[in-house]
1. Give me the distance between the Cα centres of region 41-77 and region 113-144, rounded to whole Å.
2. Counting helices only, and only those DSSP H runs with n ≥ 4, report the 222 nm mean residue ellipticity of the chain as the sum of -39,500 (n - 2.57) divided by its residues, in deg cm²/dmol to the nearest 500.
3. With the Cα gyration tensor of region 126-223 giving a ≥ b ≥ c as the square roots of its eigenvalues, does the rule (a/c under 1.5 for rounded; else a/b larger than b/c for prolate; else oblate) give rounded, prolate or oblate?
4. Compute the acute angle (0 to 90°) between the alpha-carbon long axis of helix 83-92 and the principal axis of greatest extent of the alpha-carbon atoms of the chain; round to the nearest 10°.
5. Out of all DSSP beta bridges in region 4-121, what portion is antiparallel? Express it as a percent rounded to 5.
6. Pop out the ³J(HN,Hα) list for region 144-154 in order, Karplus 6.51 cos²θ - 1.76 cosθ + 1.60 with θ = phi - 60°, rounded to Hz; leave Gly and Pro as x.
7. Sequence-distant or interchain residues sharing an amide H contact under 5 Å with V30, placed H: which?
8. Enter the angle in degrees (range 0 to 90, nearest 10) between the Cα long axis of helix 13-25 and the first principal axis of the Cα atoms of the chain, meaning the one along which they spread out most.
Amino acid sequence: MNNGRILVVEDEKKIADIVKAYLEKDGFSVTEAPTGQQAVSALKNRFDLIILDLMLPDMDGEDICRTIRKDSDIPIIMLTAKSEEEERIKGLGIGADDYMVKPFSPRELAARVKALLRRVKGVRQSVSFNKGDLVIDSSRFEVKKDGSPVVFTPTEFKLLQCLAERPEQVFSRLQLVNIILGYDFEGYDRTIDAHIKNIRHKIEEDPRNPSYIKTVYGMGYRFIGRPDED
Ligand code: CA
C-alpha cells in the first residue's frame, strides 16, 4: 500500500521518527531530512507532501518554504515550536498550506496530512494523459482529445473517468456496470462493450490498437494512458 510519498524535514530525531512511524502506519512512504541541505537535495525526488520544521540548524524552514514555492505547489505543513512562530507563519504568508504547533499529536498530524492531500486532489480535478493528448476535466464533465472538446454522454464520461482514475487496473464488465449504474442488469456485457466502442471512437487514433482503453480478454477493460506529471 502506498498512499503517497512524504518528506519530513525535522532536526529533532525523536519527533521525526514518531511522525514517520505514524505516517507509515497509514500507508505513506516517508523520507527523513534532518537538515535544510538534505531537504533541498531530497527535493530532487518527487514527493506528494512536505512536513517542514520552521527551525533547522543550518537553514530557516521559512526560506526553504519560499524556495519550494518558487516552482512548486506541493502541499506543505509547517511545524513550529512556539505560538509566536504561529503568528509568524500566519503573518508572513510564506506559502505553507497548514501548520502545527509543538508539542502536537502525531495522530492529528497524520489526519491533517490526509485532509490536505484530499483537498489538493479535489482542486486538481483536471487530469491529462499521454503528454496532453487526452484531458479529463471532472469538474466540468469535459473531455479534450488533442486540444479539442469531445462530446461525451454521462455514461461514457463515468466509464472513462472510472477507468482513468486507476490506470492499469483491470475492471470486469460487471464491475463497470455496477460503478456507472449502481446495479446490474441483463445483457450488461453488450451494453458496456457498446459504450467502450463509442469512447474509443472519440479518443483513440486507432480503435483497433488503443492507446487508452485496452480489452483484457476474458476479464474486462483497463486504462493504459500514461498520466502526465504536473
Ligand atoms: Ca527544529
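No lab work stands behind these numbers, since they all come straight from the coordinates. Note that the structure is predicted; figures quoted are calculated from it, not measured. So basically every Cβ, Gly included, is an ideal-geometry build from the backbone, and we count neighbours across all protein chains shown.
1. The two parts, judged by their Cα centres, are 24 Å apart.
2. Result for the chain, helices only: -13000 deg cm²/dmol.
3. Verdict is prolate for region 126-223.
4. The answer is roughly 60 degrees.
5. Values: 1 of 19 bridges.
Antiparallel bridges: around 5 percent, rounded to the nearest 5.
6. 10, 10, 6, x, 10, x, 10, 7, 10, 6, x
7. Long-range HN contacts for V30: I6.
8. 20
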